[in-house]
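One structure below.
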Amino acid sequence: MSIIVNNITKVYGAQKALNNVSFEIKSGEIVGLLGPNGAGKSTMMKIITCFIPPTSGEASVCGYDIYEDSKNLRKKVGYLPENNPLYHDMYVREYLEFISGVHKMNKRTRDIIGDMIQTTALSAEQNKKIGALSKGYRQRIGLAQALIHDPDVLILDEPTSGLDPNQLVEMRNLIKEIGKEKTVMLSTHIMQEVEAVCDRAIIINKGEIVADDSTSKLITATANVEIIKVEFSTPVDEIQLKSINGVLEVSKIDENIWDIKSVSDKDIRPDIFQFAVSNNYTVLSMSKVEQSLEDIFRQLTQDNLKI
Ligand code: ADP
Ligand code: MG
């Protein structure tokens, strides 16, 4: 296991930011820590990287305990904190040399910095001051500083926040590429990000885990509800539609188009056909609506349901 978190609780004053959180991340996984603002994502990451201690519970990274082996643990972890703090008056290369000094990397430092600049596609901007660069390039510097000591585990706190759509795609691709060789945990409140980058999502809300599963499973689980989109050739009566066996809810999408919700363990398409035939309606099309991770996320974080 790369990361083991066991019953971690963090209390700030009177506020519980994390409540008994446990999970494990295997080596090589790319895991998204997904949750709305204030869910406790940054707090979790600060604990794993030994920036703050938890109030109770245990955690370890690559076998190193957060209390006992913090120094060794930090050697194994690259951390891009939220808001990516950088020295704006430093030049790109100068800053990366400074960071390599912090890690006491003496040998081959120049080569490693050169490699980092290449990996994170910073070459064109490497001789500029950090303050002169766009947000997208600054995030790449943040990533380069997290990678410089060749850690096994990368902890990235909202790595794509504030990026424009092109920079966003570039950053996600970069993370996926790096994720081929390292264990990555990234936090985000953007569902599409998890779908695009992560193998697995841990969804957290108000300091508690509300779902933890592979991205594909989370999408198919969809909290037991299935939606069938049906197009009729003529207007249909809502009350009649609701009376079809197994229907939980119906919503009108367009003049003759309806979304019909049912529990997912029953396929109600034959019942819909039967209903149409008996009532002289013509069905033009009928299809299952794929629920996205976004739908699941909303259901889980709004109603605090557990799946
Ligand atoms: P997220 O990163 O998911 O937005 P955080 O971990 O930053 O969430 O915060 C979780 C909760 O803990 C929030 O309600 C936040 O206000 C609170 N919190 C975070 N850091 C501190 C702190 N240093 N002191 C007091 N409360 C804090
Ligand atoms: Mg945060």
- prompt: Name the residues in the stretch 98-130 that are exposed (fewer than 15 other Cβ atoms within 10 Å of the Cβ), over 28 Å from the mean Cα position of the chain (by Cα) and not basic (Lys, Arg), would you?
  reply: 98, 101, 102, 106, 111, 123, 124, 127
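If you take just the helices (runs of 4 or more DSSP H) that sit entirely in the stretch 83-177, which of them hold at least 2 residues that are closer than 27 Å to residue 47 by Cα?
Details: elements: 92-102, 109-119, 135-147.
By residue number, 92-102, 135-147.
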query: So which pairs qualify, if the first residue must be in the stretch 145-161 and within 16 Å of ligand 2 (Cβ to nearest atom), the second must be part of a loop (DSSP other than H, G, I, E, B), the Cβ gap must be under 8 Å, and the two must be at least 6 apart or on different chains?
result: 155/49; 157/81; 157/82; 158/82; 158/189; 160/190; 161/82
Subset of the stretch 42-53 (residues that are within 12 Å of ligand 1 (Cβ to nearest atom) and open to solvent by 10 Å² or more (accessible area, probe 1.4 Å)): 42, 43, 46, 51, 52
query: What pairs can you find where one residue is in the stretch 6-29 and aromatic (Phe, Trp, Tyr), the other is more than 11 Å from ligand 1 (Cβ to nearest atom) and open to solvent by less than 30 Å² (accessible area, probe 1.4 Å), and their Cβ atoms are less than 9 Å apart, with a gap of 6+ or different chains?
result: 23/3; 23/5; 23/31; 23/202
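For the structure I just gave you, tell me whether residue 204 is within 30 Å of residue 16 (Cα to Cα) and open to solvent by less than 70 Å² (accessible area, probe 1.4 Å). Talk me through it step by step, then tell me what you get.
Working: within 30 Å of residue 16 (Cα to Cα): yes; open to solvent by less than 70 Å² (accessible area, probe 1.4 Å): yes.
Against the criterion (within 30 Å of residue 16 (Cα to Cα) and open to solvent by less than 70 Å² (accessible area, probe 1.4 Å)), residue 204 qualifies.
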field: Hits in the stretch 244-272 - residues which are outside any strand (DSSP E or B) and open to solvent by less than 90 Å² (accessible area, probe 1.4 Å)
entry: 244, 246, 256, 264, 266, 267, 268, 269, 270, 271, 272
task: Identify all residues within the stretch 16-35 that are open to solvent by 10 Å² or more (accessible area, probe 1.4 Å) and either near ligand 1 (Cβ under 7 Å from one of its atoms) or assigned to a helix (DSSP H, G or I) (or both); write none if there are none.
output: 17
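The values are calculated or read from the model by the stated rules, or taken from the named source; none is laboratory data. This structure is a prediction, so every number in the text was calculated from the model and none was measured. Note that we place each Cβ from the backbone using ideal geometry, even for glycine, and neighbour counts take in every protein chain shown. Accessible surface is based on the protein model in full, side chains and every heavy atom, while ligands, DNA and RNA are left aside. Shrake-Rupley method; radii C 1.70, N 1.55, O 1.52, S 1.80 Å.
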